[in-house]
Amino acid sequence: MDNFAIDHNSVLPLHLQVEEMLRKLIEQPEYQNGKLLPNEVHIARKLGISRNTVRQAANKLVQERLLVRKKGVGTKVAKNSLTTKLNKWTSFTHEMDEKGVVFKNYSIKVSLVVADKEICSLFNIKEKTKVIKLERLRGLNKGPIVYFISYFHPRTGLTEKEDFSKPLYEKLEKEHNVTVAVSKEGISAILANKNLAEKLHIKIGDPILFRKRVVCDPGDRPIEYNLGYYRADSFTYTIDIAKD
């Protein structure tokens with residue numbers, strides 16, 4: 001915290017400056033290892049700004065599931081939170097192509113749904129706004145192994161009549177002039193319920209790798225909220241971290 005400061009003469013809004021500061025702060029080893037972040041009052045006093053400004057910035061990271069708040073305890077970095085740039089991240093289709101794995105779509109379902117409160121907050125859209133929901137069941141010839149649910153911000157211009165069998169992010173860029181730049185992810189292990197067990201051809205209670213992904217454009221604006229359910233016996237998630 002001692003090395004951070006706010007530039008009150010900058011054209012960049014205060015809450016965005018604080019947000020960037022928090023992103024750098026939570027990358028530090030002590031916070032990655034579970035240390036609680038300084039409280040909002042302390043940060044506000046240290047930077048000479050209002051508590052509401054700090055809360056606005058922190059709320060953005062909570063929405064992205066990079067931070068977790070616990071009443072009466074404090075705020076800390078969410079476990080298994082990742083942020084990957086496009087030079088280390090690509091669409092699922094291209095990712096599998098690079099590995100020489102041929103995937104097939106078992107089902108693709110597109111619908112127009114009313115966004116719930118979580119999605120409205122994440123996308124910063126009005127309540128009862130309708131968004132495109134895309135459900136895809138994908139796998140190998142032997143059977144499905146991953147189930148994706150995606151919600152798209154209305155600004156993408158996507159409609160229910162799109163050909164979603166094409167690589168998604170390539171489609172967004174070529175057909176809708178929407179460039180994706182950052183994927184903000186949360187990864188956890190869950191147990192399969194009846195619905196997931198039926199889709200992925202596993203037993204109820206079998207382990208599943210669950211990945212939440214918020215995909216943003218170069219302006220750091222969310223354009224997709226993606227939920228991925230992977231058969232744990234078919235996927236291993238690995239991360240390469242290089243020393244600076």
- Task: Please list, or write none, the lysines whose alpha carbon is within less than 27 Å of the alpha carbon of LYS76, excluding same-chain residues fewer than 8 places away.
- Result: LYS24, LYS35, LYS46, LYS60, LYS85, LYS88, LYS117, LYS184, LYS212, LYS243
- Pairing the Cα long axis of helix 14-25 with the longest principal axis of the chain, what angle in degrees results, from 0 to 90 and rounded to the nearest 10? 70
- Could you calculate the contour length gain from LYS79 to LYS194, that is, 0.36 nm times the residue separation minus the distance between their Cα atoms, to one decimal place in nm? 38.8 nm
- Note on the structure: Restricting to Cα pairs under 8 Å and 6 or more apart, the percent relative contact order of the chain works out to 15
- Residues other than LYS174 with Cβ under 13 Å of its Cβ, Lys/Arg counted +1 and Asp/Glu -1, net out at -3
- Message: Quick check: Cα centre of the stretch 21-36 to Cα centre of the stretch 131-195, how many Å?
- Response: 30
- Query: In nanometres, what is the gap between the two model label sites at SER165 and ASP220, each 7 Å from Cα along Cα-to-Cβ?
  - Reply: 4.0
- Structure-derived Kirkwood radius over Cα pairs in Å - corresponding label in (i) 19.8; (ii) 17.8; (iii) 18.7: (i)
- Message: Straight-line reach only, C-alpha to C-alpha below 19 angstrom: list the lysines that LYS161 could link to, leaving out same-chain residues fewer than 8 apart.
- Response: LYS109, LYS130, LYS133, LYS171, LYS174
- Task: Please work out the FRET efficiency for the pair ASN52 and ARG155, using the Cβ-Cβ distance as r and a Förster radius of 25 Å; give the result to the nearest 0.05.
- Result: 0.40
- Using 0.36 nm per residue, how much length does the chain from ILE204 to LEU140 gain when fully extended, once their Cα-Cα distance is taken away? 20.9 nm
- Task: For a quick protection proxy, order the peptides 52-58, 127-133, 205-211, 159-165 by their average other-Cβ count within 10 Å, most packed first.
- Result: 52-58, 205-211, 127-133, 159-165
- Message: What distance in nm separates the two pseudo spin-label positions at VAL68 and SER111, each 7 Å out from Cα along the beta-carbon direction?
- Response: 3.0
- Task: Work through the residues other than TYR225 whose Cβ is under 15 Å from its Cβ and net out their charges, Lys, Arg +1 and Asp, Glu -1.
- Result: +4
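Read the figures in this text as sums done on the coordinates, not as results from a lab. Because the structure is a prediction, the values reported are computed rather than measured. With ideal geometry, Cβ positions are generated from the backbone for all residues, glycine too; neighbour counts draw on all protein chains shown.
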